[in-house]
Amino acid sequence: FAHTEVVQAASNFEKVVLVTLKKTKLALPENVVELVLNYDDFQAKDVLTRNFFTCTSALFNDLFFRSFNLPYYKTFKSNLNYLLQSIYLAEKIALYLKDNKVDIRQAYFVSFWFNTWAIALAVLKKKNKILDFYSRAHGTDLFEYRVRHTQRLPFRKFQLKWVTKVFSVSKNGADYLKEKYPQYASKIVYLYLGTQDYGTNNFNENGVFTIVSCATVRNIKRIFLIPEILKELNFQVKWVHLGDENLAAPDPTKETYLRNKESLKACSWITAVFSGNLSNEEIFNFYKTNSINLFLSVSETEGLPVSIMEATSFGIPVMATDVGGCSEICNEQTGILIHKDFNVSEVAKLIREFKVSQQNTYEFRNQTRNFWKANFEVNSNYEKFYSAIERK
């Protein structure tokens, strides 16, 4: 979905510079230039010497103008290094602007994540190297309670002090930021991302009831719970999981996932298919050519999932946990919202009821797609975004 942002930018601006730490494997429009940075010659002491006052300012705000947090203070050394790395990236960007004679009065600076890049751009704005900058904010870069041990994201006040405007991808995220940092509320808004229209799902009312999930398997996605739900059903069901099973990663839920997946072999009424890692094009082709009754998301935490936007764009009803901004796309017009800490038997009951309900019909699927079109169609939402950042 970050690729969508680049493509949309390319259609709205004469030239786009994509600043990354890793070259993208995806095709880019002709007017997009990649600036791939690295830390090969990063020397913390040198960066600190060159940027002592900027570094001191950011640290001062971070340590003394936020509530007391002992676990966070214990991470001082790693946070300092993180700050210096961000400043180092700012220096690299400033050098590019100078070498390429970029007129900052004609340039717009946007961070797709409210993270390292937002700190780097804050540094540039503080030093008057750029006029303004904007940032998206999603989930892990927004909700501080997700951070293990400290429940705090470093240098948040420094980012908010210098950012021109933060665009949360969900209303839930914007409300969270405003409540946590009320002094910056005027800078915080929400504006949805969006997805392209690739057509409708090839739905067959008389086909095998098919449930699809789409995610990289990891702890916060809780894919291991889906087999437990399916085993509570009393009819033939096909489950297709789209996405990397991520088995090489040291994930705390991996063993449970593998054990639950294996247990499905003893269930004659369940057919389970695991696609592995797929490109966006392959996923969209699957949605277009296979009959799908329900898209299922059981995440423990989310921002506002693009995967759900994509499913609803095809008219596929959704069932999702009430976390992050999921309630903004999963509602009575598009499907069923379930509790974060749901009971497996209760969810299975809801799926059984869904199967014989009006929600499992062509009419409801048209309603689902219309809701997507009104709220999450990519061209409409990016028109709003570029209008919002345009200098008057």
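The values are calculated or read from the model by the stated rules, or taken from the named source; none is laboratory data. In this text the structure is predicted, and so the values were computed from the model without any measurement. Cβ sites come from the backbone with ideal geometry, for glycine too, and all protein chains shown count toward neighbours. All accessible areas refer to the heavy atoms of the entire protein, side chains included, with ligands and DNA or RNA removed. Shrake-Rupley method; radii C 1.70, N 1.55, O 1.52, S 1.80 Å.
Worth a mention:
- Placing pseudo-labels 7 Å out from each Cα toward the beta carbon at residue 268 and residue 185 gives an inter-label distance of 6.2 nm.
- Within region 117-208, the GluC sites (Glu not before Pro) that combine a DSSP coil assignment with at most 11 other C-beta atoms in a 10 angstrom radius are 205.
- Summing charges over neighbours of residue 318, with a neighbour being any other residue whose Cβ is under 14 Å away from its Cβ, gives -3 when K and R count +1 and D and E count -1.
- Residue list for region 178-214, given a label point 7 angstrom along the Cα-to-Cβ vector of residue 388 and an amide N cut-off under 15 Å: 178, 185-195
- A 1.4 Å probe over all protein chains sorts 198, 108 by accessible area into 198, 108, starting with the largest.
- Here the simple spin-label model places points 7 Å from the Cα toward Cβ, and for residue 202 and residue 285 these points are separated by 1.2 nm.
- Region 221-366 - percent relative contact order, Cα under 8 Å, separation 6 or more: 24 percent
- Projecting the Cα atoms of 195, 140, 210 onto the charge dipole of region 115-219, computed from C-beta unit charges around the Cα centre, puts 140 farthest toward the positive end.
- A DSSP coil position with no more than 12 other Cβ atoms inside 10 Å describes the following trypsin sites (Lys or Arg not before Pro) in region 84-143: 101, 105.
- Solvent-accessible area, 1.4 Å probe, carbon plus sulfur percent, for region 287-348: 39 percent
- Spacing of the two label points (7 Å from each Cα toward its C-beta) at residue 53 and residue 232, in nm: 6.2 nm
- Percent RCO, i.e. relative contact order, over the chain, from Cα pairs under 8 Å lying at least 6 residues apart: 13 percent
- Under the combined filter of DSSP loop state and at most 12 neighbouring Cβ atoms within 10 Å, region 8-37 retains these GluC sites (Glu not before Pro): 14, 30.
- The Cα center of region 331-392 and the Cα center of region 66-141 differ in position by 34 Å.
- Computed over the chain, the per-residue total of -39500 (n - 2.57) for DSSP H runs of n ≥ 4 gives a 222 nm mean residue ellipticity of -12000 deg cm²/dmol, rounded to 500.
- Prolate/oblate/rounded label for region 102-172 (Cα gyration tensor, a/c 1.5): prolate
- For residue 235, net neighbour charge (Lys/Arg +1, Asp/Glu -1) across residues whose Cβ lies under 15 Å away: +2
- Subset of 92/187; 238/288; 157/221; 45/92; 92/180 violating a 25 Å alpha-carbon distance limit: 92/187; 157/221; 92/180
- At the residue level, residue 222 shows approximately 30 square angstrom of accessible surface with a 1.4 angstrom probe and all protein chains present.
- Surface per residue (accessible, 1.4 Å probe) for region 145-253, Å²: 44 Å²
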